[in-house]
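Please read the structure below before turning to the comments.
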Amino acid sequence: MAFEKLSDSIAELKENLRSFSQSNAEYFKLKAFKGGVKGVTAVVNILLLFFFGVFALIFLSIAGAIAISVALDSPSAGYWIVGGFYVFLVILVILLRKKIGKLILTKASESFFK
């Protein structure tokens, strides 16, 4: 009698452990799926923002160059000035790339380890 109760308890424990492990595995699958979908959504959002931001910058640059050209009464002056501004920005980024990298690393580390 006692042996049967112990045997039943062991069988029940075994079934409960199996059920727990299956539930746990399903939970982690769902959690991984949710994380993957969040990551893909973030990448798509960033790409869309970048794409539309680049187009906006192109059109605003052309409009600014035309406005400068009209103001200076020179057909090419505005384009040279806007182009020079972008060359200046490129040189500035090249000179500050190590500081920018450290800043990005610091901010990413803070948000990741919170």
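A few remarks follow.
- Unique residue being assigned to a helix (DSSP H, G or I) and in contact with a Ser or Thr (Cβ under 8 Å, 6 or more places away or on another chain) when the list is 82, 40: 82
- On the stretch given as the range 1-24, residues that are among the hydrophobic types (A, V, I, L, M, F, W, C), surrounded by fewer than 10 Cβ atoms within 10 Å (Cβ to Cβ) and in a helix (DSSP H, G or I) total 2.
- Pairs are defined by a Cβ separation below 8 Å, a sequence spacing of at least 6 or placement on different chains, a first member in the range 51-70 that is without any contact (Cβ under 8 Å) to a residue 40 or more places away in the chain, and a second member that is of a type in the set (Ser, Thr, Tyr) and part of a helix (DSSP H, G or I); the pairs so defined are 61/86; 65/79; 69/79.
- For the range 43-79, a residue qualifies if it is part of a helix (DSSP H, G or I), of a type in the set (Ser, Thr, Tyr) and in contact with a Ser or Thr (Cβ under 9 Å, 6 or more places away or on another chain), and the qualifying residues are 69, 79.
No value in this document is a laboratory result; all are computed from the given coordinates. Not measured: the values here are computed from a predicted model. Cβ: placed from backbone, ideal geometry, glycine included. Neighbour counts: every protein chain shown.
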